[in-house]
Amino acid sequence: MFFVAPLTLAILTVALYLLLTRTKFGVAMRASIENPPLARVLGINVERVYMISWLFAGGLAGLAGSYHTIWLGGRTSTGSELIVEIFASSILGGLGSIYGAVLGGLMIGVSEASLTVYISQGFGLIGTGIIVALLLLSGVFLFLRKKKRARLLGALLAGLGAYVAADVALGFPTGFFSRDLVSGFGPGAFVYQKGVPLIIMVIALLLLPKGLISVEWKRLLRLRRVRSDGPT
(Lines give C-alpha, C1' and ligand atoms only; values in the text may rest on other atoms or scores of the structure.)
Protein backbone atom coordinates (compact mmCIF):
# COMPACT_ATOMS: atom_id res chain seq x y z
CA MET A 1 0.00 0.00 0.00
CA PHE A 2 2.92 2.32 0.72
CA PHE A 3 4.01 2.06 -2.93
CA VAL A 4 0.64 1.48 -4.60
CA ALA A 5 -0.91 4.79 -3.51
CA PRO A 6 1.91 7.07 -4.83
CA LEU A 7 2.08 5.05 -8.06
CA THR A 8 -1.68 5.36 -8.52
CA LEU A 9 -1.46 9.10 -7.83
CA ALA A 10 1.25 9.55 -10.47
CA ILE A 11 -0.65 7.52 -13.07
CA LEU A 12 -3.93 9.35 -12.45
CA THR A 13 -2.22 12.76 -12.56
CA VAL A 14 -0.64 12.06 -15.93
CA ALA A 15 -3.84 10.47 -17.24
CA LEU A 16 -5.96 13.47 -16.22
CA TYR A 17 -3.45 15.88 -17.76
CA LEU A 18 -3.51 13.98 -21.06
CA LEU A 19 -7.30 13.75 -20.94
CA LEU A 20 -7.77 17.50 -20.42
CA THR A 21 -5.11 18.68 -22.86
CA ARG A 22 -4.79 16.00 -25.56
CA THR A 23 -8.34 14.80 -26.21
CA LYS A 24 -11.43 16.38 -27.73
CA PHE A 25 -13.48 15.57 -24.66
CA GLY A 26 -10.93 17.33 -22.46
CA VAL A 27 -11.13 20.46 -24.61
CA ALA A 28 -14.94 20.24 -24.51
CA MET A 29 -14.83 19.85 -20.73
CA ARG A 30 -12.67 22.92 -20.25
CA ALA A 31 -14.78 24.92 -22.67
CA SER A 32 -17.98 23.91 -20.88
CA ILE A 33 -16.57 25.04 -17.55
CA GLU A 34 -15.05 28.33 -18.73
CA ASN A 35 -17.87 29.49 -21.01
CA PRO A 36 -20.97 27.24 -21.20
CA PRO A 37 -23.01 29.46 -23.61
CA LEU A 38 -20.15 29.63 -26.11
CA ALA A 39 -19.60 25.88 -25.77
CA ARG A 40 -23.27 25.27 -26.64
CA VAL A 41 -22.93 27.51 -29.70
CA LEU A 42 -19.98 25.40 -30.85
CA GLY A 43 -22.12 22.25 -30.63
CA ILE A 44 -20.90 20.84 -27.33
CA ASN A 45 -23.45 19.01 -25.21
CA VAL A 46 -22.66 20.83 -21.97
CA GLU A 47 -25.08 18.77 -19.85
CA ARG A 48 -23.51 15.52 -21.01
CA VAL A 49 -20.04 16.91 -20.27
CA TYR A 50 -21.21 17.88 -16.78
CA MET A 51 -22.61 14.39 -16.19
CA ILE A 52 -19.41 12.65 -17.27
CA SER A 53 -17.33 15.10 -15.25
CA TRP A 54 -19.32 14.29 -12.12
CA LEU A 55 -18.81 10.58 -12.82
CA PHE A 56 -15.05 11.18 -13.01
CA ALA A 57 -15.11 13.23 -9.82
CA GLY A 58 -17.14 10.62 -7.96
CA GLY A 59 -14.86 7.81 -9.10
CA LEU A 60 -11.72 9.66 -8.04
CA ALA A 61 -13.28 10.55 -4.70
CA GLY A 62 -14.27 6.91 -4.15
CA LEU A 63 -10.75 5.73 -5.02
CA ALA A 64 -9.21 8.26 -2.62
CA GLY A 65 -11.65 7.23 0.10
CA SER A 66 -10.85 3.55 -0.36
CA TYR A 67 -7.11 4.18 -0.01
CA HIS A 68 -7.66 6.41 3.01
CA THR A 69 -9.77 3.87 4.85
CA ILE A 70 -7.31 1.03 4.15
CA TRP A 71 -4.41 3.01 5.63
CA LEU A 72 -6.06 5.10 8.37
CA GLY A 73 -9.49 3.57 8.84
CA GLY A 74 -12.73 5.42 8.44
CA ARG A 75 -16.35 5.86 9.39
CA THR A 76 -19.41 7.66 8.08
CA SER A 77 -18.07 11.05 9.20
CA THR A 78 -14.59 10.64 7.63
CA GLY A 79 -15.44 12.76 4.60
CA SER A 80 -16.67 15.70 6.64
CA GLU A 81 -13.62 15.45 8.90
CA LEU A 82 -11.33 15.95 5.89
CA ILE A 83 -13.07 19.09 4.59
CA VAL A 84 -10.43 21.42 6.07
CA GLU A 85 -7.55 19.48 4.48
CA ILE A 86 -9.33 19.32 1.12
CA PHE A 87 -10.00 23.05 0.98
CA ALA A 88 -6.50 23.90 2.21
CA SER A 89 -4.90 21.64 -0.41
CA SER A 90 -6.98 23.11 -3.23
CA ILE A 91 -6.25 26.70 -2.22
CA LEU A 92 -2.55 26.14 -1.57
CA GLY A 93 -1.96 24.31 -4.84
CA GLY A 94 -4.33 26.33 -6.98
CA LEU A 95 -7.82 25.62 -8.25
CA GLY A 96 -6.86 25.61 -11.92
CA SER A 97 -4.07 23.05 -12.01
CA ILE A 98 -3.91 19.28 -11.55
CA TYR A 99 -0.28 19.39 -10.50
CA GLY A 100 -1.06 22.23 -8.10
CA ALA A 101 -3.75 20.15 -6.41
CA VAL A 102 -1.37 17.20 -6.03
CA LEU A 103 1.41 19.42 -4.70
CA GLY A 104 -0.95 21.19 -2.30
CA GLY A 105 -2.31 17.89 -1.00
CA LEU A 106 1.17 16.50 -0.37
CA MET A 107 2.31 19.68 1.39
CA ILE A 108 -0.80 19.87 3.58
CA GLY A 109 -0.62 16.19 4.50
CA VAL A 110 3.06 16.25 5.41
CA SER A 111 2.73 19.57 7.26
CA GLU A 112 -0.26 18.46 9.30
CA ALA A 113 1.34 15.18 10.35
CA SER A 114 4.84 16.48 11.07
CA LEU A 115 3.98 19.85 12.61
CA THR A 116 1.50 18.29 15.03
CA VAL A 117 4.20 15.93 16.28
CA TYR A 118 6.68 18.78 16.60
CA ILE A 119 4.15 20.96 18.39
CA SER A 120 3.49 18.23 20.95
CA GLN A 121 7.17 17.28 21.43
CA GLY A 122 8.78 20.67 20.84
CA PHE A 123 10.84 22.19 18.03
CA GLY A 124 14.04 22.62 20.03
CA LEU A 125 16.26 25.68 19.84
CA ILE A 126 17.17 25.22 16.18
CA GLY A 127 13.59 24.66 15.08
CA THR A 128 12.40 27.59 17.15
CA GLY A 129 15.08 29.76 15.55
CA ILE A 130 13.80 28.79 12.11
CA ILE A 131 10.24 29.64 13.15
CA VAL A 132 11.39 33.02 14.48
CA ALA A 133 13.17 33.75 11.20
CA LEU A 134 10.06 32.82 9.19
CA LEU A 135 7.86 34.99 11.41
CA LEU A 136 10.16 37.98 11.04
CA LEU A 137 10.59 37.60 7.28
CA SER A 138 6.90 37.08 6.59
CA GLY A 139 6.05 39.94 8.96
CA VAL A 140 8.37 42.36 7.18
CA PHE A 141 7.11 41.18 3.78
CA LEU A 142 3.48 41.77 4.73
CA PHE A 143 4.22 45.07 6.47
CA LEU A 144 5.80 46.48 3.30
CA ARG A 145 2.61 45.86 1.32
CA LYS A 146 0.09 48.62 0.72
CA LYS A 147 -2.98 46.93 2.18
CA LYS A 148 -3.78 47.84 5.77
CA ARG A 149 -4.79 44.31 6.71
CA ALA A 150 -1.53 42.94 5.38
CA ARG A 151 0.42 45.55 7.33
CA LEU A 152 -1.47 44.76 10.51
CA LEU A 153 -0.86 41.03 10.11
CA GLY A 154 2.79 41.72 9.30
CA ALA A 155 3.22 43.78 12.45
CA LEU A 156 1.63 41.01 14.54
CA LEU A 157 3.84 38.31 13.02
CA ALA A 158 7.00 40.37 13.39
CA GLY A 159 6.08 41.23 16.97
CA LEU A 160 5.46 37.59 17.80
CA GLY A 161 8.77 36.58 16.28
CA ALA A 162 10.64 39.30 18.17
CA TYR A 163 8.97 38.28 21.44
CA VAL A 164 9.88 34.60 21.04
CA ALA A 165 13.47 35.47 20.10
CA ALA A 166 13.89 37.80 23.08
CA ASP A 167 12.28 35.36 25.53
CA VAL A 168 14.48 32.47 24.40
CA ALA A 169 17.63 34.62 24.44
CA LEU A 170 16.92 35.85 27.97
CA GLY A 171 16.29 32.36 29.33
CA PHE A 172 12.47 32.32 29.30
CA PRO A 173 11.75 35.07 31.84
CA THR A 174 8.05 34.99 30.90
CA GLY A 175 7.84 31.46 29.54
CA PHE A 176 4.56 32.23 27.79
CA PHE A 177 4.33 30.27 24.51
CA SER A 178 8.08 30.35 23.84
CA ARG A 179 9.00 27.69 26.42
CA ASP A 180 6.31 25.34 25.10
CA LEU A 181 7.45 26.07 21.55
CA VAL A 182 10.92 24.80 22.45
CA SER A 183 10.04 21.92 24.79
CA GLY A 184 6.58 20.98 23.46
CA PHE A 185 2.94 21.58 24.29
CA GLY A 186 2.30 17.98 25.28
CA PRO A 187 -0.14 15.35 23.93
CA GLY A 188 -3.00 17.85 24.20
CA ALA A 189 -1.68 19.55 21.05
CA PHE A 190 -3.11 16.75 18.90
CA VAL A 191 -6.57 18.15 19.59
CA TYR A 192 -5.64 21.20 17.50
CA GLN A 193 -4.30 19.19 14.57
CA LYS A 194 -6.90 20.64 12.21
CA GLY A 195 -5.54 24.10 12.94
CA VAL A 196 -2.36 23.41 10.95
CA PRO A 197 -3.99 23.18 7.48
CA LEU A 198 -6.34 26.01 8.45
CA ILE A 199 -3.42 28.33 9.25
CA ILE A 200 -1.63 27.30 6.04
CA MET A 201 -4.80 28.05 4.07
CA VAL A 202 -5.12 31.52 5.60
CA ILE A 203 -1.46 32.31 4.87
CA ALA A 204 -1.87 31.07 1.30
CA LEU A 205 -4.94 33.28 0.79
CA LEU A 206 -2.99 36.30 2.04
CA LEU A 207 0.26 35.70 0.16
CA LEU A 208 -0.77 33.58 -2.86
CA PRO A 209 -4.53 33.90 -3.49
CA LYS A 210 -4.21 31.88 -6.73
CA GLY A 211 -2.04 29.20 -5.16
CA LEU A 212 1.41 27.91 -5.95
CA ILE A 213 0.60 27.76 -9.66
CA SER A 214 0.58 31.57 -9.74
CA VAL A 215 4.28 31.72 -8.84
CA GLU A 216 6.41 32.32 -11.92
CA TRP A 217 9.22 29.93 -11.04
CA LYS A 218 11.02 30.40 -14.36
CA ARG A 219 11.12 34.15 -13.85
CA LEU A 220 12.46 33.73 -10.32
CA LEU A 221 15.17 31.38 -11.56
CA ARG A 222 16.13 33.84 -14.28
CA LEU A 223 16.38 36.67 -11.75
CA ARG A 224 18.57 34.53 -9.54
CA ARG A 225 20.84 33.69 -12.46
CA VAL A 226 21.10 37.32 -13.47
CA ARG A 227 21.93 38.38 -9.92
CA SER A 228 24.50 35.63 -9.51
CA ASP A 229 26.16 36.38 -12.86
CA GLY A 230 26.14 40.13 -12.28
CA PRO A 231 26.35 42.80 -14.96
CA THR A 232 28.41 41.93 -17.98
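Of the residues making up segment 105-140, just one is among the β-branched types (Val, Ile, Thr), under 14 Å from the mean Cα position of the chain (by Cα) and surrounded by 15 or more Cβ atoms within 10 Å (Cβ to Cβ), namely Ile108. Taking the conditions exactly as written (small (Gly, Ala, Ser) and under 21 Å from the mean Cα position of the chain (by Cα)), does Ala61 satisfy them or not? Spelling it out, Ala61 is indeed small (Gly, Ala, Ser) and under 21 Å from the mean Cα position of the chain (by Cα). Can you name the residue in segment 74-89 that is surrounded by 13 or more Cβ atoms within 10 Å (Cβ to Cβ) and of a type in the set (S, T, N, Q) and, of all such residues, is farthest from Glu112 (Cα to Cα)? It comes out as Thr78.
Report yes if Ile98 is modelled with pLDDT of 90 or more, of a type in the set (Val, Ile, Thr) and not assigned by TED's automatic domain parsing to the domain that holds Ser178, otherwise no. Considered against the rule, which asks whether it is modelled with pLDDT of 90 or more, of a type in the set (Val, Ile, Thr) and not assigned by TED's automatic domain parsing to the domain that holds Ser178, Ile98 comes out as no. Selection of segment 1-32 for residues being touching a residue at least 40 places away in the same chain (Cβ under 8 Å) and under 17 Å from Gly59 (Cα atoms) yields Ala5, Thr8, Leu9, Leu12, Thr13, Leu16, Tyr17, Leu20. Just to be sure before I move on: is Ile213 surrounded by 13 or more Cβ atoms within 10 Å (Cβ to Cβ) and either at pLDDT 85 or above or over 13 Å from the mean Cα position of the chain (by Cα) (or both) in the structure I sent? Judged against the criteria, Ile213 is not a match. Note on segment 1-80: enclosed helices (runs of 4 or more DSSP H) holding 1 or more residues that are among the hydroxyl-bearing types (Ser, Thr, Tyr) are 4-22, 24-34, 46-72. With respect to the conditions (1) over 24 Å from Leu198 (Cα atoms); (2) assigned to a helix (DSSP H, G or I); (3) of a type in the set (A, V, I, L, M, F, W, C), Ala162 lacks only one, and its number is (1). Cβ separations smaller than 6 Å between residues 6+ apart or across chains give the following pairs from segment 162-183 residues that are touching a residue at least 40 places away in the same chain (Cβ under 8 Å) to residues that are among the polar types (S, T, N, Q): Val168/Ser178; Leu181/Thr128; Val182/Thr128.
Restrict the check to segment 18-37 and report whether at least one residue is surrounded by 11 or more Cβ atoms within 10 Å (Cβ to Cβ) and within 21 Å of the chain's Cα centre (by Cα). Within segment 18-37, none of the residues are surrounded by 11 or more Cβ atoms within 10 Å (Cβ to Cβ) and within 21 Å of the chain's Cα centre (by Cα). Selection of segment 56-91 for residues being within 23 Å of Gly195 (Cβ to Cβ) and not hydrophobic (A, V, I, L, M, F, W, C) yields His68, Gly73, Gly74, Arg75, Ser77, Thr78, Gly79, Ser80, Glu81, Glu85, Ser89, Ser90.
Yes or no, residue by residue, for (1) loosely packed, with under 14 Cβ neighbours inside 10 Å; (2) over 30 Å from Gly94 (Cβ atoms); (3) under 22 Å from the mean Cα position of the chain (by Cα):
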residue: Leu152; (1), (2), (3): yes, no, no
residue: Gly159; (1), (2), (3): yes, yes, no
residue: Ala165; (1), (2), (3): no, yes, no
residue: Leu170; (1), (2), (3): yes, yes, no
residue: Arg179; (1), (2), (3): no, yes, no
residue: Val182; (1), (2), (3): no, yes, no
residue: Gly195; (1), (2), (3): no, no, yes
residue: Leu198; (1), (2), (3): no, no, yes
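Residue check: Leu60 meets all listed conditions (1) of a type in the set (A, V, I, L, M); (2) surrounded by 14 or more Cβ atoms within 10 Å (Cβ to Cβ); (3) under 18 Å from Leu103 (Cα atoms) but one, namely (2).
The values are calculated or read from the model by the stated rules, or taken from the named source; none is laboratory data. Quick caveat: nothing in here was measured; it's all calculated off a predicted structure. All Cβ positions, glycine included, derive from the backbone under ideal geometry; neighbour counts span all protein chains shown.
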